[in-house]
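The values are calculated or read from the model by the stated rules, or taken from the named source; none is laboratory data. Because the structure is predicted, anything quoted here is derived from the model rather than measured. For neighbour counting, all protein chains shown are included, and Cβ atoms are generated from backbone atoms with ideal geometry for every residue, glycine included. These accessible areas exclude ligands, DNA and RNA; they are computed on the full protein's heavy atoms, side chains included. Shrake-Rupley method; radii C 1.70, N 1.55, O 1.52, S 1.80 Å.
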Amino acid sequence: GEVCEKITNGTTAIQNTEKKGFPVTRIETISSGLINEERIGWIELPEQEYHKYALRIGDILFSHINSFERLGNCAIYDGKPSNLIHGMNLLRLQLDNAIAEPFFVLCFLRSEHARNFYCDRARRAIGQASLNTRDLCDLPIPLPPLPEQQRIAAVLREQMDAVERARRAAEEQLEAAKAL
C-alpha cells in the first residue's frame with residue numbers, strides 16, 4: 001500500500017460492439033501479461049469520466065477477480081493503445097514514482113513470492129477467486145533504492161526482449177519448416 005498513490009477499480013460503463021468512443025480494458029486484454037489491443041472493448045464516456053478512468057503510462061493493471069490460476073495476472077500500460085480506459089474487474093495500481101519503478105514492481109507482482117501471497121489471501125468461489133485492495137496493500141514488496149530498481153528493471157527488460165526475439169525466431173523457423 002505504501003508504493004501506490006492509488007489503487008482503483010475501473011469503469012462499469014456498458015461496452016459497445018461498434019467500436020464507438022474509447023478503447024477499454026477487460027480481463028482478457030491482459031491475459032497474456034501484455035496489453036493485447038485485439039482484446040479490448042469500447043465504451044462511450046463523458047469527459048469527466050474519461051479523465052477519471054484514462055490510463056497513464058506506468059499504470060499496472062492487476063486481475064483481482066479471476067480463475068484461481070490467473071489471479072494476480074498483471075500488465076503495465078505503455079501508452080498503447082492511446083486513450084485506453086481502465087475497465088471493470090481489473091485494479092489499477094498507480095505507483096508513487098518517487099519510490100517505485102513500475103516495471104520493477106510489475107516483475108515482483110509476477111514473482112513466486114507474490115503468487116504465494118495471492119494464494120494465501122484469495123477468497124474462493126465456484127470457478128473463481130478474488131483479492132481485495134486491502135489484501136494487495138498488505139503485500140510486502142522489497143524495494144531497493146530507486147536507482148537500483150531502475151537498473152534491475154532495465155536488465156529484466158533487456159532479458160525479456162531477448163526471450164521475445166528468440167520466441168519470434170523459433171516461430172518463424174517452425175513456419176518455414178512447415179512450409180517445406
TODO: Using a cut-off of 13 Å between beta-carbons, work out the net charge of the residues near ARG168 (Lys and Arg +1, Asp and Glu -1, ARG168 not included).
DONE: -3
TODO: Answer with a single label: of (1) 9.0; (2) 12.6; (3) 10.7, which was calculated as mean projected area of the Cα convex hull in nm² from the structure in view?
DONE: (2)
- [ ] Return the percentage of antiparallel bridges among DSSP beta bridges fully within the chain, rounded to the nearest 5 %.
- [x] 90 percent
TODO: Report, in deg cm²/dmol and to the nearest 500, the calculated mean residue ellipticity at 222 nm for the chain, where each DSSP H run with n ≥ 4 adds -39500 (n - 2.57) and the sum is divided by the residue count.
DONE: -11000 deg cm²/dmol
Task: Unit charges on C-beta of K, R, D, E only; dipole of the chain, Debye - done: 340 debye
Open item on the list: Report the number of Lys pairs in the chain whose alpha-carbons are under 23 Å apart, with separation of 8 or more residues or on distinct chains.
Closed with: 7
- [ ] Sticking with the crude label model, points 7 Å out along Cα→Cβ, report the distance from ASN16 to LEU146 in nm, one decimal please.
- [x] 4.1 nm
Task: Carbon plus sulfur fraction of accessible area for the stretch 31-180, probe 1.4 Å, in percent - done: 52 percent
TODO: Round to a whole angstrom and tell me the spacing of the C-alpha centers of the stretch 40-107 and the stretch 144-168.
DONE: 20 Å
Task: Integer Hz, Karplus 6.51/-1.76/1.60 couplings in order for the stretch 99-105, x for Gly and Pro - done: 10, 9, 8, x, 5, 4, 5
Task: TYR50 versus ALA166: modelled label distance in nm, points set 7 Å from Cα along the beta carbon direction - done: 4.4 nm
Task: In the stretch 1-68, trypsin sites (Lys or Arg not before Pro) in a DSSP loop with at most 11 other beta-carbon atoms within 10 Å - done: LYS19, LYS20, ARG56
Open item on the list: Quick check: net charge around ILE57, other residues with Cβ under 10 Å of its Cβ, Lys/Arg +1 and Asp/Glu -1?
Closed with: 0
